[in-house]
Structures are given as structure tokens and as C-alpha cells.
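Nothing in this text is a laboratory measurement; each read-out follows from the coordinates by a stated rule. In this text the structure is predicted, and so the values were computed from the model without any measurement. Every residue, glycine among them, receives a Cβ derived from its backbone with ideal geometry; neighbour counts consider all protein chains shown.
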Amino acid sequence: MLLKALSEKALTAFLAGMLIIIGIFTFDNALLFDRMYFASLAFVILLSHKNINIAGIALIIILAKFAEEAGWYLLDDNLLSRLFVYLSLLATLVIIKEEEYRKPVIILYILALGSEVYWAITAYDGPEIYWYLYEFNLLIFIRHYIFMRVFFTSRFFPGTSKSLDLDVNVHDLMTAFMFVHALVVLEYLARHLLGFDIKIIWSFNAVIFHALKVYLVFIMLHGSAQLTLANKFNA
């Protein structure tokens, strides 16, 4: 037990130190970080190929990342992109009724959509807040499928699916992402609708989002390695 505890502490310290260094060196280098991000999640699946639970969590995150990348390249500052984002988020809010923060997201949705319409009518060159609504849509899907993962997995892999602490950690981290995105949108609205010169979140959002993504990689690697280590000691 002592050896197991020491091994887990050493693992935590090693991964934390390594990812802090990687996080510093990949800041302002999105391409390099994305490669590290995908490589880390692929490694998690490889390391946990016999554990459908961790592999399932990693797969959900990878698919969401692909959707984010697709949105980054395909969406543009035009009416068609905005219609797609707002209609798709509306559909998500209608379909996924069990979303914990559904009501606050609906309020933010109405504020953002109303602002977009007002800016279009007044020909004001407003900020591209539709992107943050697109991110909200992806985060809701991640939270939903993490929450439903055990149910879906048990249908295809009976007897092997179970809930993990990692499910809760990833679910809560997606909540943190949603909270920061909401603050960014509200700050944009305060500046461009009310005229307040507020740039607190805007000034630090790149650092905050990067830190959250690095932490996501950490909890995925740590959770996978910790379970593998536990299996070795229990063998």
C-alpha cells in the first residue's frame, strides 16, 4: 500500500511538472498544442485500450475537438454561419432538456441573439460572439455524453461499463469552460451594448483557456495512468 501511494504521488508530480512545462512552451502556438493535445488523448486510448470506460471518455473529447476544429475552419463572419450556430444551439437546448445549466444558457442565448439582431439592424460591426455560442453547443454535448456514457457503453459492452471519478472531473471541467465562455460573452455585450470599457476577461481569456486545456490533458493522462498502475499492483 505504501509503495502504491508513493507511486501515485510520483506519477502526479511527474505529469504535473511535465504538463506545466509543455503548457508554457505551447502557449501562443496553437498548432503545436493541438498536436500535443491529440497525441495525449491518443496515448490515453492506447494505454487504456482494454478499459472501455477511459477510452470512451477520451473518444468523446477527441470527437468534440474535431468538431471545434471543423467549426474554426468552416464558420465565418457571415449570416449563414450565424444562422447555423444559433439554430443548432437552439435545437440542442430543445433536445437536451436535462442540461444542468439549461436556463442560464437560454438567457445567454437570448441576450446574444438579440444583440446580433440589433447590430445587424443598426449596421454595427459587432464582435463575433457566435463563436462562443458554438463552443457552448460543443460543451453541452460533451457534458451530456459524459453523463450518458455508462448507459450508451453498456448497450454495446455489457458488464464492462461503469462510472469513474474521471467522468465527474471531465464533466466539472467542461462546466468551468462554459462559465468562462459566458463571462467572455457578457463582457463583450457590456462593452459593445452598454459602452463599459471592461476588458478583464478579454485580457486573460487566452491564458485561462490554455490552462484549462492543459489541465484537461493532465486529468486524462493521470486518470488513465493511475488506473493502469492500480491494475498492476492488484495483479
Fill in the blank from the handout: Which of Val185, Val207, Val94 fluctuates most in a GNM of the chain (C-alpha springs under 10 Å)? That residue is Val94
Problem - Estimated [θ] at 222 nm from DSSP helical runs (n ≥ 4, -39500 (n - 2.57)) normalised by residues in the chain, nearest 500 - result: -28500 deg cm²/dmol
Exercise for the section: Calculate, axis by axis, the spread of Cα positions in region 38-124 along the three principal axes, and write the results as whole Å, longest axis first. Expected result: 56, 30, 16
Completion exercise
Computed over the Cα atoms of region 2-234, the Rg and Dmax in Å are 19.6, 68
Handout entry: Hydrodynamic radius by Kirkwood, which averages 1/r over all alpha carbon pairs of region 122-220, in angstrom
Key = 15.6 Å
Problem - Most fluctuating residue given options Phe209, Phe147, Phe66, as computed from a GNM of the chain linking Cα atoms under 10 Å - result: Phe66
Practice task
Round to a whole angstrom and tell me the spacing of the C-alpha centers of region 174-216 and region 147-167.
Solution key: 33 Å
Fill in the blank from the handout: GNM on the chain, Cα springs under 10 Å; top mean-square fluctuation among Asn29, Asn137, Asn51 goes to Asn29
Practice task
Taking 7 Å along the Cα-to-C-beta vector as the label spot, tell me the Leu186-Lys103 distance in nanometres, rounded to one decimal.
Solution key: 1.6 nm
